[in-house]
Amino acid sequence: MTDDEFTAYHDLADETGDHRWAFGTGFTDPLEGIDTSVPDGVNAAALAAYCLMLGDDALIYSHRLQQWMTRLPELEEETAIANIALDLLGQARMLLARAGRAEGAVLAESTGRSEDQLAFFRLEKDFRNVRLAEHADADFAQLAGRLLIFSTWRLALLGRLHDSRDPVLAAIAAKGAKELAYHRDYAAQWVIRLGDGTELSRTRMQAALDTLWPLVDELFRADTVAGDLPGVAADPAGLRAEFDDVLGTVLAAATLDHPGAAPMAEVAGKCGRDGVHTEALGYVLAELQSVARAHPDAAW
Amino acid sequence: MEDAQVRSEWPLYEVFLRGKRGLNHVHVGSLHAADPQMALHHARDLYTRRNEGVSIWVVASADITASSPDEKDPFFAPSGDKVYRHPTFYEIPDDVPHM
């Protein structure tokens, strides 16, 4: 860049006076200044569990996306995936913080666990993310396919939470929905580009969706936590129609076949939301938590 | 470089951003993309991460017709010595602001 261009670019950047380089930095409490009391009539324990579920989905999937850094085929895609991972990390921070506050409301005498305690000092069986979030992408087609599945589902979910009876959850959902709409658009463009591309790219995109499809049914599985939160949480089964509609449109545009693989088995009727995970989560947590566990209470 | 195995690069696009105050689109840089839609996505991800813009234009670099440095003198030198093209030969009254 010449000096002139550099100055012009910074003149644009300076308009807001917000020099924070990315969301999630420059502040320590993601819910600072927000009234985090639990509304009357809302089951605080269930609210904490629900926010933990949605926060864990974002945290674990964000980490999986971060693992793609330095490995993507183009610099521009790398920035795109980094932005998406950062968006999800921001959602995870707010949701885990909300879970901690709601947990504190249950305990009455305490403020509950902090976002860091929840992210770094829980065991595998205490994580409540869906198994799709912990899956390790084998190639770029799986990255695109999984991002399409995840963002379509989560966008439908957060869309339902716009008028949640918990105003904090509603605000987090409203912010997250804008981010996810972009993630979905980005992923859909890649699935279409690869599916409707060369013979090789189509074969690999189809194989990726076939590999991922067993993890889809779990996203719409009824859970008791959402059942305990009428007017606050969204019914997972109610998201299926919107999901199928969007996936159908994208798959048709991509000339891909609708995957028909059977759902991945549950373990004694339990899966990710119950803390029963695939082997993959242990490796994610080992990496995600190692620094915080080696230096407990360190600040960065 | 004729070898088909050599990985070809995506074409180059130039990126123009408009800031929030209704200024003109300003050239901020360039990027590689396979098609215009992808270029728009990349521009969003590379150049608007710090809240810089509300509108993006992308143009394939190959579609820009530019003046050549070789033609600099024929193009621009003649205007340099024609001071009468600058409206400077009058006094601005003191009570006229914003000039």
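Quick rundown of the values:
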quantity	calculated
Residue check for residue A:276: within 16 Å of residue A:122 (Cα to Cα), touching a strand residue (DSSP E or B) at 6+ places or on another chain (Cβ under 9 Å), touching a residue at least 60 places away in the same chain (Cβ under 8 Å) and not polar (S, T, N, Q)	yes
The lone exception for residue A:72 - which of (1) within 14 Å of chain B (Cβ to nearest Cβ); (2) not in a loop (DSSP other than H, G, I, E, B) it fails	(2)
Helices (runs of 4 or more DSSP H) contained in segment A:185-284 and holding at least 2 residues surrounded by 15 or more Cβ atoms within 10 Å (Cβ to Cβ) and not small (Gly, Ala, Ser)	A:199-212, A:240-253
The listed residue being among the β-branched types (Val, Ile, Thr) and surrounded by fewer than 24 Cβ atoms within 10 Å (Cβ to Cβ), out of A:81, A:172	A:81
Candidates A:156, A:141, A:136, filtered to the one that is over 25 Å from residue A:32 (Cβ atoms), at pLDDT 95 or above and outside any helix (DSSP H, G or I)	A:136
Lone qualifier among A:41, A:26 - being within 14 Å of chain B (Cβ to nearest Cβ), closer than 29 Å to residue A:118 by Cα and modelled with pLDDT under 95	A:26
Qualifying residue in segment A:163-184 (condition: of a type in the set (D, E, K, R), over 24 Å from residue A:30 (Cβ atoms) and assigned to a helix (DSSP H, G or I))	no
Matching residues, segment B:31-87, being in a helix (DSSP H, G or I), within 14 Å of another protein chain (Cβ to nearest Cβ) and aromatic (Phe, Trp, Tyr)	B:47
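The values are calculated or read from the model by the stated rules, or taken from the named source; none is laboratory data. On a predicted model such as this, the values are computed, not experimentally measured, just so you know. We place every Cβ from the backbone using ideal geometry, glycine too, and count neighbours over all the protein chains shown.
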